[in-house]
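**Student:** Before I ask anything, here is the structure I am working with.
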Amino acid sequence: MNRKLILIFLLTISQTSWSQDCDFEIRNLSNNLNGKSELLEKLEYEKVVEISEKLIDYQPKSELELTKTYPEIFKLKDSCYTFRANADDGIGINKGLLKACKNKVKSKEYSDFKFKGVYCGNALIEITGYESWGFLSVDLKNGLTCFTMGKPITSDGQIAISYSNYYGEEEIALTDLKTKEQYVIGIEGWRTVDVKINENIYYLKLESDFQTNCKKEIKYLKLKIKN
């Protein structure tokens, strides 16, 4: 095999390896909310940035304040609060129940929580565990609760978006704050660096990460709930 053929062969192998290791691939983790995602061009994303909506943040409330105001929802038993949740057949994070527990041992049984406050009729509780973390949104009317790995972000108080990275896989979720139904996707090797919201459509800027053999890239993603 001459040098030219060897070069072509090596280039083909390199391109094949690149496509296998560096692709932008979206995994559907759960879709009770009937969501949809699609890639955008940079120009479309930049237009949205100029008209993005103001985000609603939580109002700080302590555990004591919330447990006194809503004793029927927040009942502490064996160092845990237990909440009713939608059973999720997708990512399997719950079986109709979600918990916030304190167990400060230095082992795989470690768990902790912190009441952050209230937003859009929901209590926000940050939970941590052994190699796990996230947030619970607890409806203050009926106690219905959902989990998001990242802090929920909303502009209208009806649908929230959240994102967080779990050892290289970006997990992005849209959550209906009333029904607690969710659309959750995972993208291996990418990280969300910015989010914009406009008219119930969610625009994300992501950069490639965690893949040392891949060229740094930027992608733009649009998420929405299907009508």
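**Student:** Just for the stretch 203-221: of the residues that are assigned to a strand (DSSP E or B) and hydroxyl-bearing (Ser, Thr, Tyr), which one is modelled with the lowest pLDDT?
**Tutor:** The selected residue is Ser208.
**Student:** Which of the residues that make up the stretch 80-110 are modelled with pLDDT under 95 and either on the phi > 0 side of the Ramachandran plot or polar (S, T, N, Q) (or both)?
**Tutor:** Result: Asn86, Gly92, Asn94, Gly96, Asn103, Ser107.
**Student:** On the basis of being charged (D, E, K, R), within 24 Å of Gly143 (Cα to Cα) and crowded, with 17+ Cβ neighbours inside 10 Å, does Lys180 make the cut?
**Tutor:** So Lys180 fits the description; yes.
**Student:** So if I check each of Ser30, Ser62, Ser17, Ser52, which one is of a type outside the set (D, E, K, R), at pLDDT below 95 and within 21 Å of Gly134 (Cβ to Cβ)?
**Tutor:** Of the residues listed, the single one that is of a type outside the set (D, E, K, R), at pLDDT below 95 and within 21 Å of Gly134 (Cβ to Cβ) is Ser30.
**Student:** Could you tell me whether the stretch 178-200 includes any residue that is farther than 17 Å from Leu29 by Cα, in a loop (DSSP other than H, G, I, E, B) and of a type in the set (A, V, I, L, M)?
**Tutor:** no
**Student:** Ok, one more. Does Lys141 meet the test of being modelled with pLDDT of 95 or more and more than 28 Å from Asp156 (Cα to Cα)?
**Tutor:** No; evaluated as a whole, the condition is false for this residue.
**Student:** If you don't mind, another one. Take Ser164 and decide whether it is open to solvent by 10 Å² or more (accessible area, probe 1.4 Å), modelled with pLDDT under 95 and under 16 Å from the mean Cα position of the chain (by Cα).
**Tutor:** no
The values are calculated or read from the model by the stated rules, or taken from the named source; none is laboratory data. Just so it is clear, the structure is predicted and the values come from calculations on it, not from any experiment. Every residue, glycine among them, receives a Cβ derived from its backbone with ideal geometry; neighbour counts consider all protein chains shown. Heads up: the accessible areas ignore ligands, DNA and RNA and are worked out on the full protein's heavy atoms, side chains in. Shrake-Rupley method; radii C 1.70, N 1.55, O 1.52, S 1.80 Å.
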